[in-house]
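These notes concern the structure reproduced below.
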Amino acid sequence: MITVGVLGARGRVGSEVCRGVEAAADMELVAAVDVGDDLDSLVTSGARAVVDFTHPDAVMDNLEFCIDHGIHAVVGTTGFDDARLDTLRRWLADAPSVGVLIAPNFSIGAILMMRFAAAAAPYYESVEVVELHHPTKADAPSGTARRTAELIAAARREAGVDAMPDATSTGLDGARGADVDGVRVHSVRVRGLVAHQEVLLGGPGETLTIRHDSLDRASFVPGVLTGVREIAARPGLTVGLEHVLGFI
Ligand SMILES: NC(=O)C1=CN([C@@H]2O[C@H](COP(=O)(O)OP(=O)(O)OC[C@H]3O[C@@H](n4cnc5c(N)ncnc54)[C@H](OP(=O)(O)O)[C@@H]3O)[C@@H](O)[C@H]2O)C=CC1
Ligand SMILES: O=C(O)C1=N[C@H](C(=O)O)C[C@H](O)C1
C-alpha cells in the first residue's frame, strides 16, 4: 500500500484526488490537509507520498517541508518558473532519495494537445494559444498555456523558423495577450468553464486548431495516481507527466 497525503484536500481538485486515492486498491489516504491544518500530520501519519493542489503562494513552503522530511511529492499546483525549479533542485540535492514531480497538467488529453502543438508549430507561420478557465482560477496565463507556449517556441527555434508575422502598431494594452517566449497567450475567464485550451496555427490559405477540454476535474485524477505510483522510483525533479508516461 502506498500511504498518501493530500495538500489542498478541501479544494476543487484536491477533493477529487482524495476520492481517487480512497478508491485505489494500492493506496491509502492517511492525511487530508488544508488551510489551518498542521503539516506535521503528514509525518505522524506516515505518508510516503504527498499530492499538492493548493496555491502558487503556498506550494514552495509545502515542498520544502516534504523534502526536509523525506516525503515524495506529486505537484499539480501552478506557478513554477525557472527560479523555483532551480530552488527545488538545490533542496533535492540534499535529499537524494526524494522524488518531486511537477506537472502543469495531469490530464492525458492536455499532454497530447501540448505534444501535437509542438509537432505542428514549425510548419505554420502563426501560432497563438487561447486558454479558457473558470473565473476562480488564481493565475493567468494557466500553467498549461505557459508550458505549451514554451514547447512551441522551442520547436520553432530548433527548426529555425522565422518570427511570426504581426503588423500591430497601435491599440489597447493587453489586446494581443501575453508574450511567452515569443508566443502570444490569451486568457479567458468565464463562469461555467472548467479548463480548456486552443492552439491556433495558420499558414497561407489554411488554419489548424488543436483543442482540449477538461469538462470535469476527474480528468486530472488518473494522471495524479500514476505519478503517485511512479514517484518513489524517480528521485530528483521531474517536470511533466509525459516523462512518467514514457512519451519522452
Ligand atoms: N496540474 C494540473 O493538472 C492542475 C493544476 N491545477 C492547479 O492546482 C491548484 C489548485 O487548484 P484548485 O483545486 O482549482 O484550487 P482551490 O482553490 O479549489 O483549492 C486549493 C485548496 O488548497 C487550500 N490551500 C491553500 N493554501 C494551502 C496550504 N498552505 N496548505 C494546505 N492547503 C492550502 C485552499 O484553501 P483556501 O480555499 O481556504 O485558500 C483550497 O482548499 C492551482 O494552482 C491550479 O492551477 C488545477 C487543476 C489541474
Ligand atoms: O486552475 C485550474 O483549473 C487549472 N490549472 C492548471 C493550469 O493552470 O494549467 C491545469 C488546468 O488548466 C486546470
### Query
Can you tell me which residues in the stretch 61-100 are among the aliphatic types (A, V, I, L, M), free of Cβ contacts under 8 Å to residues at least 60 places away in the same chain, under 23 Å from residue 145 (Cβ atoms) and more than 16 Å from ligand 2 (Cβ to nearest atom)?
63, 83
### Summary
Among strands (runs of 3 or more DSSP E) entirely inside the stretch 26-133, those with 2 or more residues being open to solvent by 20 Å² or more (accessible area, probe 1.4 Å) are 27-33, 126-133
#### Entry: Restricting the stretch 132-168 to residues that are touching a residue at least 40 places away in the same chain (Cβ under 8 Å) and of a type in the set (Lys, Arg), the residue that is nearest to ligand 2 (Cβ to nearest atom)
137
### Summary
In the stretch 185-212, anything in a strand (DSSP E or B) and in contact with a helix residue (DSSP H, G or I) (Cβ under 8 Å, 6 or more places away or on another chain) is listed as 185, 187, 195, 197, 199, 201, 203, 208, 210, 211, 212
### Query
Within the stretch 179-218, which residues are within 16 Å of ligand 1 (Cβ to nearest atom) and either open to solvent by 40 Å² or more (accessible area, probe 1.4 Å) or among the acidic types (Asp, Glu) (or both)?
187, 188, 189, 190, 191, 192, 193, 213, 215, 216, 217, 218
### Query
So which residues in the stretch 134-154 are surrounded by fewer than 16 Cβ atoms within 10 Å (Cβ to Cβ), within 13 Å of ligand 1 (Cβ to nearest atom) and either among the hydroxyl-bearing types (Ser, Thr, Tyr) or not in a loop (DSSP other than H, G, I, E, B) (or both)?
136
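The values are calculated or read from the model by the stated rules, or taken from the named source; none is laboratory data. Note that the structure is predicted; figures quoted are calculated from it, not measured. So basically every Cβ, Gly included, is an ideal-geometry build from the backbone, and we count neighbours across all protein chains shown. Note: areas computed on protein heavy atoms with side chains; ligands, DNA, RNA excluded. Shrake-Rupley method; radii C 1.70, N 1.55, O 1.52, S 1.80 Å.
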